[in-house]
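Notes for the one structure printed next.
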Amino acid sequence: MSHNTIAINQRMDKFDDHHRVWLFGYGSLIFKADFPFIERRAASIRDWTRRFWQGSHDHRGTESAPGRVATLIPQADAVCAGMAYLITPEVFAHLDHREKNGYLRLATDIYFEGGGSEEGLVYIATEENAAFLGEATELAIAHQIAASSGPSGRNRDYLTDLAHALRALGMDDAHVFAIERHLSALDA
Ligand code: SIN
């Protein structure tokens, strides 16, 4: 169930005349920065909440057995904490390929820890994309994550690496930490 978004993202020309663009990461882009960046800063975006509702058929699962990875769901007054990277526009070719299974670039205001904000980009997989799995209990999500792996590794490592990175940054996320607790209980 692949929904390749590369071509759509390449038509996103809002920042084409910029030499540098801020990118906000809230999932694997927090703990796996496999791209060049000029600077990174802890940051957040508003009115979005992180949920493991996106299917991963290409990184943490397979076509027949998708894993679950993070996307953002609109929620008034929510704050999603993550990491902002200042990058050059050339980096988007790599990012569009990495995020191709349903994620679309969206312009958003990024609020830096310590003050200040800039408009930048975030990759979001909306419920319209073919790989979207949608809501499930955190226990059911943990079961699916425990059973899944793909070309980028075990799905459980995505979840635990994200939970560790959030904790190291002093960031709270009840949804992520609840799934982490369920995963530990399944292991016990
Ligand atoms: C992100 O991390 O910002 C997007 C979702 C992902 O690649 O895990």
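The values are calculated or read from the model by the stated rules, or taken from the named source; none is laboratory data. Since we're looking at a predicted model, the values are computed, not measured. All Cβ positions, even for glycine, are placed from backbone atoms using ideal geometry, and neighbour counts span all protein chains on display. Surface accessibility is based on the protein's heavy atoms, side chains included, excluding ligands, DNA and RNA. Shrake-Rupley method; radii C 1.70, N 1.55, O 1.52, S 1.80 Å.
Report the gain in length on full extension from A168 to D109: 0.36 nm times residue separation, minus Cα-Cα distance, nm rounded to one decimal.
On the way: separation 59, 0.36 × 59 = 21.24 nm, distance 2.38 nm.
Gain on extension, A168 to D109, equals 18.9 nm.
Only loop residues by DSSP count here, and only those with at most 14 other Cβ atoms within 10 Å; note down the GluC sites (Glu not before Pro) in the range 1-93 that meet that.
Answer by residue number: E63.
Taking only protein heavy atoms into account and a 1.4 Å probe, give the accessible area per residue of the range 136-188 in Å².
Details: 2590 Å² over 53 residues.
Accessible area per residue, the range 136-188: 49 Å².
For the range 49-54, take each phi angle, set θ = phi - 60°, evaluate the Karplus expression 6.51 cos²θ - 1.76 cosθ + 1.60, and give the result in whole Hz per residue in order, putting x for glycine and proline.
Using θ = phi - 60°, the values come out as 10, 7, 9, 8, 10, 9 Hz.
Could you tell me the distance between the Cα centroids of the range 133-188 and the range 25-95, to the nearest Å?
Using only Cα atoms to place each centre, the spacing works out to 15 Å.
Quick query: amide H of G153 versus all other amide H atoms, modeled in the peptide plane; which residues come in under 5 Å with a sequence gap of 5 or more or a different chain?
Here the answer is none, since no amide H 5 or more places off falls under 5 Å of that of G153.
For the chain, with a Gaussian network of springs between Cα atoms less than 10 Å apart, report the residue from T108, T137, T88 with the top mean-square fluctuation.
In the Gaussian network model the winner is T137.
Rounded to a whole number, what % of the accessible area of the chain do carbon and sulfur atoms account for, probe 1.4 Å?
On the chain, the fraction of accessible area on carbon and sulfur atoms equals 50 percent.
With r defined as the distance between the Cβ atoms of F132 and D47 and R0 fixed at 22 Å, what FRET efficiency is calculated, to the nearest 0.05?
For R0 = 22 Å, the calculated efficiency reads 0.70.
Taking amide H positions as placed in the peptide plane 1.01 Å from N, state which residues far from T49 in sequence (5 or more) or on other chains have amide H under 5 Å from it.
I73, Q75
Under DSSP H, which helices of the chain have Cα atoms covering 18 Å or more of the helix axis and a Kyte-Doolittle average no less than -1.0?
Span-like helices, by this rule, are 155-168, 174-187.
Would you mind calculating the gained length between H175 and L86 on full extension (0.36 nm times residue separation, minus the Cα-Cα distance), in nm to one decimal?
So the extension gain works out to 29.3 nm.
Rounded to whole Hz and in sequence order, give me ³J(HN,Hα) for the range 8-24 from the Karplus expression 6.51 cos²θ - 1.76 cosθ + 1.60, θ = phi - 60°, writing x for Gly and Pro.
Result, ordered by residue: 5, 5, 5, 7, 7, 10, 3, 10, 4, 8, 9, 7, 9, 9, 7, 10, 9 Hz.
If you wrap a convex hull around the Cα atoms of the chain, how much volume per residue is inside, in Å³?
111 Å³
Using a simple charge model, +1 on the beta-carbon of Lys and Arg, -1 on the beta-carbon of Asp and Glu, nothing else, what dipole does the range 6-187 show about its Cα centre, in debye to the nearest 20?
380 debye
Summing -39500 (n - 2.57) over the DSSP H runs of n ≥ 4 in the chain and dividing by its residue number, what mean residue ellipticity at 222 nm do you reach, to the nearest 500 deg cm²/dmol?
-8000 deg cm²/dmol
What fraction of the DSSP beta bridges in the chain is antiparallel, stated in percent and rounded to the nearest 5?
Antiparallel bridges make up about 95 percent of those DSSP assigns within the chain.
Which residue, E99, E128, E138, tops the fluctuation ranking in a GNM of the chain built on C-alpha contacts under 10 Å?
E128
For the range 23-57, list residues with backbone N below 15 Å from a point placed 7 Å from the Cα of D157 toward its Cβ?
Inside the label zone: 28-29, 31-34.
So which residue, out of A70, A165, A84, gets the largest mean-square fluctuation from a GNM of the chain using Cα contacts under 10 Å as springs?
A165
Can you list the residues, at least 5 places off or on another chain, whose amide H is less than 5 Å from the amide H of L104, using H built in the peptide plane?
It is I124, A125, T126, by chain and number.
Along the charge dipole of the chain, which of H19, P66, A43 sits closest to the positive end, that is, farthest toward it, with unit charges on the beta carbon of Lys, Arg, Asp and Glu (+1, +1, -1, -1)?
P66
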